[in-house]
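The values are calculated or read from the model by the stated rules, or taken from the named source; none is laboratory data. Since the structure is predicted, the reported quantities are computational estimates derived from the model, not experimental observations. Here the Cβ positions follow ideal geometry from the backbone for every residue, glycine too, while neighbour counts run over all protein chains shown. Quick note on the areas: whole protein, heavy atoms, side chains included, nothing else; ligands and nucleic acids left out. Shrake-Rupley method; radii C 1.70, N 1.55, O 1.52, S 1.80 Å.
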Amino acid sequence: MKIKILTLFPKMFEGIINESIIKRAIDKEVCEIELIDMRDYSLDKHHHVDDTPCGGGAGMVLACDVVDRAIKANKGNSAHVILTTPQGIKYDQKVAYRLAKEEELLIVCGHYEGFDERIRSYVDEEISIGDYVLTGGEIAAMAISDSVIRLLDKAIRKESYMDDSFSNGLLEYPQYTRPISYNGENVPEVLLSGNHKLIERFRKKESLRKTLLRRPDLLENYKLSKEEAILLEEIKGELKWKNLEYYYIFPHFHLNTV
Ligand code: 6GU
C-alpha cells in the first residue's frame, strides 16, 4: 500500500516512520509513506497556504486552490482521498479494515483554524478520530496510517490482531505473563492448565465481561452465538447485575441512569 500525506508539517511524521512496527513495514516494503508539503503547491512567492476568512472573524483559513492543486498533482488515477476533520465520520476498526483494502490512500491533513468549505468537493471522504479537537489533522493522519498499516499482510502476524479489541466487535480478553504471582495478584489458574478448550472459554468469557462492564454499547450491535449468550448470562449472574457494580470494577464509568 502507498500512503501519501498532504500536510503543512511533514516533520511531525518523522517519529512514526522511523520507529517500531511502521518503520519495519516500510523497510519490508509492505507499505510506503510519502509526505508532501502543501506549501509546495502555493503559487504565492511567500508560499502562503491560508488567508483571512471571508465575512470576517478570527484565524486563517486553508485555501481551496492550494489543496486542489496538491490533490490533483498527487492522487494519480486511483488514490482514495481522505480529509481529516472533526466533522468527518467517526473512525473505528471497521473503517480501518475498509481502508486497508485500498491500493493507495491520499490523506489531506485538515488545518487547525479551518479550511475552505470547497475543499470538501475534492475528497472521497472525511474522517474524524473522535469527539475532541486536535490542533491539526496530522495526529489523526498518523492514527489512521498506523491502524491501517498494521492490518496489511506481513506487517504483523495475523494472529496478533485477530483477537484485538474491536476486531470481532468485543474488547480483548485480559493477558498475563510471568511472574505468576505478583503483589498478591495471581495469573488465573486456567491459563496455566494447558487445557486449550478451557482457556478459549475463559478468554471468550472475559472478553464478554470486559465489554459488558466497559463498553456495553458495543454489545448492543453484537450478534451473540449460543455459547456467548450462555457465558453472558453466567457473567450477569456473577455480577448480580446492579448498576453499582460498574463503579466497583470501572470507577471512571459515568452512569446515565441511577
Ligand atoms: Cl481528523 N482533526 C482534528 N483537527 N481534530 C480532530 C480530528 C481530526 N478527529 C478528532 N479530532
Answer residue from segment 18-48, given it is touching a strand residue (DSSP E or B) at 6+ places or on another chain (Cβ under 6 Å) and open to solvent by less than 40 Å² (accessible area, probe 1.4 Å) and is farthest from Thr135 (Cα to Cα) among those: Ile33
Residue in segment 171-189 that is surrounded by fewer than 14 Cβ atoms within 10 Å (Cβ to Cβ), outside any loop (DSSP other than H, G, I, E, B) and aliphatic (A, V, I, L, M) present: no
Flag for Val67 being open to solvent by less than 20 Å² (accessible area, probe 1.4 Å), hydrophobic (A, V, I, L, M, F, W, C), more than 27 Å from Asn168 (Cα to Cα) and modelled with pLDDT of 95 or more: yes
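State the number of residues belonging to segment 70-90 that are open to solvent by 40 Å² or more (accessible area, probe 1.4 Å) and either over 17 Å from Leu35 (Cα atoms) or basic (Lys, Arg) (or both).
8
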Failed condition for Gly130, given (1) free of Cβ contacts under 8 Å to residues at least 60 places away in the same chain; (2) within 16 Å of the ligand (Cβ to nearest atom); (3) open to solvent by less than 60 Å² (accessible area, probe 1.4 Å); (4) touching a Leu at 6+ places or on another chain (Cβ under 9 Å): (4)
The lone exception for His111 - which of (1) within 16 Å of the ligand (Cβ to nearest atom); (2) open to solvent by less than 30 Å² (accessible area, probe 1.4 Å); (3) touching a strand residue (DSSP E or B) at 6+ places or on another chain (Cβ under 6 Å); (4) within 30 Å of Ser165 (Cα to Cα) it fails: (4)
Unmet criterion (only one of (1) among the small types (Gly, Ala, Ser); (2) within 16 Å of the ligand (Cβ to nearest atom); (3) surrounded by fewer than 16 Cβ atoms within 10 Å (Cβ to Cβ)) for Ser193: (2)
Subset of segment 114-132 (residues that are closer than 22 Å to Lys94 by Cα and either among the basic types (Lys, Arg) or assigned to a loop (DSSP other than H, G, I, E, B) (or both)): Val123, Asp124, Ile129, Gly130, Asp131, Tyr132
Residue in segment 93-102 that is more than 10 Å from the ligand (Cβ to nearest atom), in a loop (DSSP other than H, G, I, E, B) and open to solvent by 40 Å² or more (accessible area, probe 1.4 Å) present: yes
Wholly within segment 1-78, helices (runs of 4 or more DSSP H) carrying at least 1 residues that are basic (Lys, Arg), within 18 Å of Ser147 (Cα to Cα) and free of Cβ contacts under 8 Å to residues at least 60 places away in the same chain: 20-27
Residues satisfying the stated conditions in segment 146-169, i.e. open to solvent by less than 90 Å² (accessible area, probe 1.4 Å), part of a loop (DSSP other than H, G, I, E, B) and over 17 Å from Leu218 (Cβ atoms): Arg150, Leu151, Leu152, Ala155, Ile156
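Here is a check on your reading of the model: is Gly88 modelled with pLDDT of 95 or more and within 10 Å of the ligand (Cβ to nearest atom)?
So Gly88 fits the description; yes.
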